[in-house]
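J.: Right, I'll just put the structure down here and ask away after.
The values are calculated or read from the model by the stated rules, or taken from the named source; none is laboratory data. None of the values given here were measured: they were computed from a predicted structure. Neighbour counts run over all protein chains shown; Cβ positions are idealised from the backbone, glycine included.
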């Protein structure tokens, strides 16, 4: 299992980097790509923002010169806007892949009928998917979608979403094995991913949720039969995970990758900061880098004062000085292996949806005001 196909698009390793707001910018995507092959998706942008020329949205559509395959995640609740936005991405930005977001659990998105609650409106979902596929077909650009199990355990949508995806010409579907109500809490339900894979016969199915190590990805494939995996929080502070994944899929029986020392982690941190500065300028790039420090150093014995100083770094020279003071021989903390990373939170007693959202499963003709702000 070494390749993945979305229509005519071939991906050398069956691994996809999930967009994460404020994280998966061009610099981080380039950093992850340096570690191993896969598909690296741009942060989520709104279709309305793109169509109406919102500058923030346009500014997010920046790609590193090393990105040979430009991949963008698009969010929308209106079939017309989604179609127009997909066409713009093909014509003006030369994208090779568009992923439609129907998995975001953020209340500001779901309360407007978007993200993970939209698939409950089956006809609306079908109209959006059909519009995107029709818009991209002349350019030969495949459209995929990512979704969740459903709104909550009483309102599951993933099997219907798979059927609709096949019927509308979607090139692949990815399932995060949690409901919107769960957000990122608890454990991902891999059985639901296996059920979707069993029910979908004509397009690839990808699994997402609780993949913290390369061994988790292999286990998910073995348990569910999925064609590939989607990586989100597992790569926070660990972009080398993609190298581990590439090696694991190329040789599932091979030896596990060697764990990096603190010195090797410091080298990756320096490269990350350098790429951010190339794209954003030194001042803004270093400021952006600061939020990654805690993820990189999680579990290491680095003291609080050093962490504080790294969290205030303003120049690459300052970063070099501080990284030079770390104990480069310190081994990777094995206690962090398999441990969840990033936000988790608690399940929600109630998912924010538009009034009357659960009254029917149609959705066509609704006046849904799509947000202009991109980024999730």
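J.: Has the range 64-84 got at least one residue that is part of a helix (DSSP H, G or I), touching a strand residue (DSSP E or B) at 6+ places or on another chain (Cβ under 7 Å) and crowded, with 19+ Cβ neighbours inside 10 Å?
T.: yes
J.: Which ones in the range 128-151 are closer than 21 Å to residue 177 by Cα and surrounded by fewer than 19 Cβ atoms within 10 Å (Cβ to Cβ)?
T.: The answer is none; no residue qualifies.
J.: So, in the range 110-161, exactly how many residues are touching a helix residue (DSSP H, G or I) at 6+ places or on another chain (Cβ under 9 Å), in a helix (DSSP H, G or I) and within 25 Å of residue 228 (Cβ to Cβ)?
T.: Count: 18.
J.: Please go through the range 13-42 and give me each residue that is in a loop (DSSP other than H, G, I, E, B), out of contact with any helix residue (DSSP H, G or I) (no Cβ under 8 Å at 6 or more places or on another chain) and within 17 Å of residue 250 (Cα to Cα), ordered by number.
T.: Result: no residue meets the conditions.
J.: Which of the residues that make up the range 193-216 are within 21 Å of residue 233 (Cβ to Cβ), outside any strand (DSSP E or B) and out of contact with any helix residue (DSSP H, G or I) (no Cβ under 6 Å at 6 or more places or on another chain)?
T.: 209, 210, 213, 215, 216
J.: Keeping to the range 242-271, report how many residues are closer than 23 Å to residue 219 by Cα and assigned to a loop (DSSP other than H, G, I, E, B).
T.: Number of matching residues: 10.
J.: Now, a different point. What residue, of 230, 221, 226, is farther than 26 Å from residue 293 by Cβ, modelled with pLDDT of 95 or more and outside any helix (DSSP H, G or I)?
T.: Answer to the check: 226.
J.: Continuing with the same structure: So in the range 85-99, with the set limited to residues that are touching a helix residue (DSSP H, G or I) at 6+ places or on another chain (Cβ under 6 Å) and not in a helix (DSSP H, G or I), which one is surrounded by the fewest Cβ atoms within 10 Å (Cβ to Cβ)?
T.: 95
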